[in-house]
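I have placed the structure first, in the form of structure tokens, so that the comments after it can refer back to it.
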Amino acid sequence: MTTVLAINKMIGDVVWGPPMLILLLGTGILLSCLTGFIVIRKFVYIMRNTLMKMFKKSGHGEGEVSAFQAVSTALAATVGTGNIAGVALAIAIGGPGAVFWMWLSAIFGMTTKFSEVILAITYRKKNQDGSFSGGPMYYISRGLGYKWLAGLFATFAMIASFGIGCMTQSNSIADALKASFNANPFIVGIVLAVLSGIVILGGIQRIGQVTEKLVPFMALFYIVGALAIILINAKQIPSAFSMIFSTAFTGQAATGGFAGSTMMMALRNGVSRGVFTNEAGLGSAPIAHAAATTDHPVRQGLWGVFEVFMDTIVICTMTALVVLVSGVWDSGLQGAALTSAAFDEGFRGGKYIVSIGLTLFAFSTILGWSYYGEKCTEYILGKKFITPYRLVYICLVFVGAIGGLQSIWAISDTLNGLMAIPNLIGLVLLSGVVVTMVKDFFKDPDRIRENEKEYLSVLPEKYQPRSVDK
């Protein structure tokens, strides 16, 4: 096992290293250029049709859940411990300037997620029972015909879901509750497994019903707490922004000595935290979006933009500003401990906002990633393996809470990064589909398409969905 972990570390260092980060950011830049920076040009329109309509129940077209339930499921999976611990770690190692690079990666990441969702809807498959299956494995197989590459993505994602989406999250919850409330990890594990089971065994409909209520609540809870601290330290806000912009190109790390004091450290930590939190380019979120009720791929793609905006530009920025205005960013602490200290510096008991927020964020990630792994299992092994997958996943929620199978966590982290490779290949090679769909939609964005034949008809023959998947 030691040899396996050593090999995994070598692969992981490459997967999460500069080349991959450049590839992820480069794909976002390429897609932004090809679409004429549509996400930026139409940003007001996008927010008006997502943020301002998030609780609107009506929807046109086919799907299993509402557009907001789909994005809530995706947000449930993306808004996690990285929003609390990851951002603080980036600042501690890369300095305040890392926040600038996090923002930049999110701007291009919005276009990447926008494109992923468009392809997920375009190439999703309607099953005999009326359910929908979609995501990178389907747009790679149905759009490109590369069934082997689709299988690789699904395999990486299925195994990664057990670690990065399940055990590491339940362990974070157990640690947070033990530190703040002296809760017994064994009891926490049992409660988490039961609560997760009640939701997960109900499928995407129940997950959507829970996340559409949980995600807004947990986001609002955390944002209000963060805003309170930011306003209490309002005089420090200009200084915080000044540090972010002035050190983005020079570097000023709190830890790591000379090696951590460069612009490259700020860039690398900012971009990596941005990618890790919003998952743009990894290919996970499109799996949830593929179940949405919508009349056009681009209309659901707007929610992909909203997802990255809310995750990184809003929630991560709240964490970053609290850490900076509180004045403890250079205290030597890192991760969740730094965020907790920053909140506690803001007002007495502030650390409990972090503990509760982390618990809610991590629990929602458990729910969202269970669906990702389930759909990947379905693609590889068929529908009959969905229930066994769910049962194993629920059991591992408990195992993670008590700190078991930690070697699997490291492997799943590497596989989480490897997911990006097949997905990015699909995104680049199918970028023409994204451009075509964007042009078609924005000719008349208010027109409702009656069925998928209307938007598929605009695709050239070479881009028409192939019937090569299971």
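The values are calculated or read from the model by the stated rules, or taken from the named source; none is laboratory data. Being a predicted model, the structure only gives us computed values, none of them experimental. As a convention, Cβ positions derive from the backbone with ideal geometry for all residues, glycine included, and neighbour counts pool all protein chains shown. Ligands, DNA and RNA are excluded from the accessible area calculation, which covers all protein heavy atoms including side chains. Shrake-Rupley method; radii C 1.70, N 1.55, O 1.52, S 1.80 Å.
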Quiz item: When segment 100-122 is examined, which residues are found to be farther than 13 Å from A290 by Cβ and aliphatic (A, V, I, L, M)?
Solution: M102, L104, A106, I107, M110
Quiz item: Counting just the residues of segment 375-388 that are in contact (Cβ under 8 Å) with a residue 24 or more places away in the chain and touching a helix residue (DSSP H, G or I) at 6+ places or on another chain (Cβ under 6 Å), which one comes out nearest to L282 (Cα to Cα)?
Solution: C376
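Here is a check on your reading of the model: is I204 part of a helix (DSSP H, G or I), aliphatic (A, V, I, L, M), in contact with a strand residue (DSSP E or B) (Cβ under 8 Å, 6 or more places away or on another chain) and at pLDDT below 95?
Working: part of a helix (DSSP H, G or I): yes; aliphatic (A, V, I, L, M): yes; in contact with a strand residue (DSSP E or B) (Cβ under 8 Å, 6 or more places away or on another chain): yes; at pLDDT below 95: yes.
Yes: the conditions hold for I204.
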Quiz prompt | Every pair of residues 6+ apart whose Cβ atoms lie under 7 Å, when the first sits in segment 162-181 and is among the basic types (K, R) while the second is open to solvent by 30 Å² or more (accessible area, probe 1.4 Å) and in a helix (DSSP H, G or I) | solution = K178/P185
Quiz item: In segment 442-466, which residues are part of a loop (DSSP other than H, G, I, E, B), open to solvent by 60 Å² or more (accessible area, probe 1.4 Å) and under 17 Å from R142 (Cα atoms)?
Solution: S457, R466
Self-check item: Complete set of residues in segment 65-88 that are within 19 Å of V354 (Cα to Cα) and in a helix (DSSP H, G or I)
Solution: L75, A76, A77, T78, T81, G82, N83, I84, A85, G86, V87, A88
Quiz item: What single numbered condition from (1) at pLDDT below 95; (2) among the aromatic types (F, W, Y); (3) open to solvent by less than 20 Å² (accessible area, probe 1.4 Å) fails to hold for F245?
Solution: (3)
Exercise. Give segment 28-37 a look and list any residue that's at negative phi and open to solvent by 10 Å² or more (accessible area, probe 1.4 Å), or say none.
Key: I29, L30, C33, L34, T35
Quiz prompt | From P185, P216, residue being touching a residue at least 24 places away in the same chain (Cβ under 8 Å), within 22 Å of the chain's Cα centre (by Cα) and open to solvent by 10 Å² or more (accessible area, probe 1.4 Å) | solution = P216
Self-check item: All positions within segment 276-315 that are touching a Lys or Arg at 6+ places or on another chain (Cβ under 8 Å), closer than 14 Å to M437 by Cβ and charged (D, E, K, R)
Solution: D295
Practice problem: Give the residue, chosen from V392, V435, V399, that is part of a helix (DSSP H, G or I), out of contact with any Asp or Glu (no Cβ under 6 Å at 6 or more places or on another chain) and either open to solvent by less than 10 Å² (accessible area, probe 1.4 Å) or closer than 26 Å to A280 by Cα (or both). | Solution: V435
Practice problem: Mind listing whichever residues of segment 326-365 are assigned to a loop (DSSP other than H, G, I, E, B) and over 24 Å from the mean Cα position of the chain (by Cα)? | Solution: S326, G327, V328, W329, D330, S331, G332, L333, F347, R348, G349, G350
Quiz item: Hey, does segment 89-108 have a residue that's in contact with a Ser or Thr (Cβ under 8 Å, 6 or more places away or on another chain) and outside any helix (DSSP H, G or I)?
Solution: yes
Self-check item: Residues of segment 105-154 satisfying the condition of being acidic (D, E) and at pLDDT below 95
Solution: D129
Self-check item: Conditions (1) modelled with pLDDT under 95; (2) in a helix (DSSP H, G or I); (3) buried (at least 22 other Cβ atoms within 10 Å of the Cβ); number of the one not met by V298
Solution: (1)
Self-check item: Filtered residues of segment 48-64 (kept if in a loop (DSSP other than H, G, I, E, B) and either more than 26 Å from G283 (Cβ to Cβ) or among the hydroxyl-bearing types (S, T, Y) (or both))
Solution: T50, F55, K56, K57, S58, H60
Quiz item: What about L231, is it open to solvent by 80 Å² or more (accessible area, probe 1.4 Å), in a helix (DSSP H, G or I), of a type outside the set (D, E, K, R) and farther than 12 Å from S364 by Cα?
Solution: yes
Quiz prompt | Filtered residues of segment 14-27 (kept if open to solvent by 60 Å² or more (accessible area, probe 1.4 Å) and outside any helix (DSSP H, G or I)) | solution = none
